[in-house]
Amino acid sequence: MYQTIIMPVDVFEMELSDKAVRHAEFLAQDTGVIHLLHVLPASSSLSLHRFAADIRRFEEHLQHEAQTRLTTMVSHFSISPERIRTHVRLGSVRDVVNELAEELHADMVVIGSRNPSITTHLLGSNASSVVRHAHIPVLVVR
């Protein structure tokens, strides 16, 4: 069905992604590739120059931990692990999803979401931000 699917995930809240896994697998069918993406907030916006080395070490630790968890998440899929790629990037979710979609010429984004609450209606959520700014189709799974 779809050859290249991006699936943004929060490796520190796996239950959001669990439901989306089956949908991504179905859409990938026999030949599609799923790109699991975890986005960490960029520290460049922090103005703590005296702590730059500590922030970099912490950022590296988070990247390593996120990559480890993404690798573990691959086992949740029933499709071949060779058809699943993992990415850890820094930035905002909506911007990184769009950048990766362009880079990979992706066909679709599959993203898990919580049920809306007053906080997500007032502040917005990553899923709603991706939907509003994506240049390709987005499937939101609740």
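Here are some notes:
- Filter result for I34 (touching a residue at least 24 places away in the same chain (Cβ under 8 Å), open to solvent by less than 50 Å² (accessible area, probe 1.4 Å), touching a Gly at 6+ places or on another chain (Cβ under 9 Å) and in a strand (DSSP E or B)): no
- One residue stands out in the range 77-96 among those that are β-branched (V, I, T) and assigned to a helix (DSSP H, G or I): the one that is nearest to K19 (Cα to Cα), namely V93.
- Meets criteria (part of a loop (DSSP other than H, G, I, E, B), modelled with pLDDT of 80 or more and in contact with a strand residue (DSSP E or B) (Cβ under 6 Å, 6 or more places away or on another chain)) for V39: no
- Some residue of the range 106-122 being within 19 Å of Y2 (Cβ to Cβ), part of a loop (DSSP other than H, G, I, E, B), modelled with pLDDT of 95 or more and open to solvent by less than 80 Å² (accessible area, probe 1.4 Å): yes
- E99 falls short on exactly one of the conditions (1) open to solvent by less than 20 Å² (accessible area, probe 1.4 Å); (2) in a helix (DSSP H, G or I); (3) modelled with pLDDT of 95 or more, and that condition is (1).
- The number of residues in the range 1-31 being open to solvent by 50 Å² or more (accessible area, probe 1.4 Å), at pLDDT below 95, within 18 Å of H87 (Cα to Cα) and not acidic (D, E) comes to 1.
- Among the numbered conditions (1) assigned to a strand (DSSP E or B); (2) open to solvent by 90 Å² or more (accessible area, probe 1.4 Å); (3) of a type outside the set (G, A, S); (4) modelled with pLDDT under 95, the only one that F51 does not meet is (1).
The values are calculated or read from the model by the stated rules, or taken from the named source; none is laboratory data. Keep in mind that this is a model prediction, so the values were computed, not measured. Backbone-built Cβ (ideal geometry, glycine too); neighbour counts: all protein chains shown. Calculation scope for accessible area: heavy atoms of the full protein, side chains included, ligands and nucleic acids excluded. Shrake-Rupley method; radii C 1.70, N 1.55, O 1.52, S 1.80 Å.
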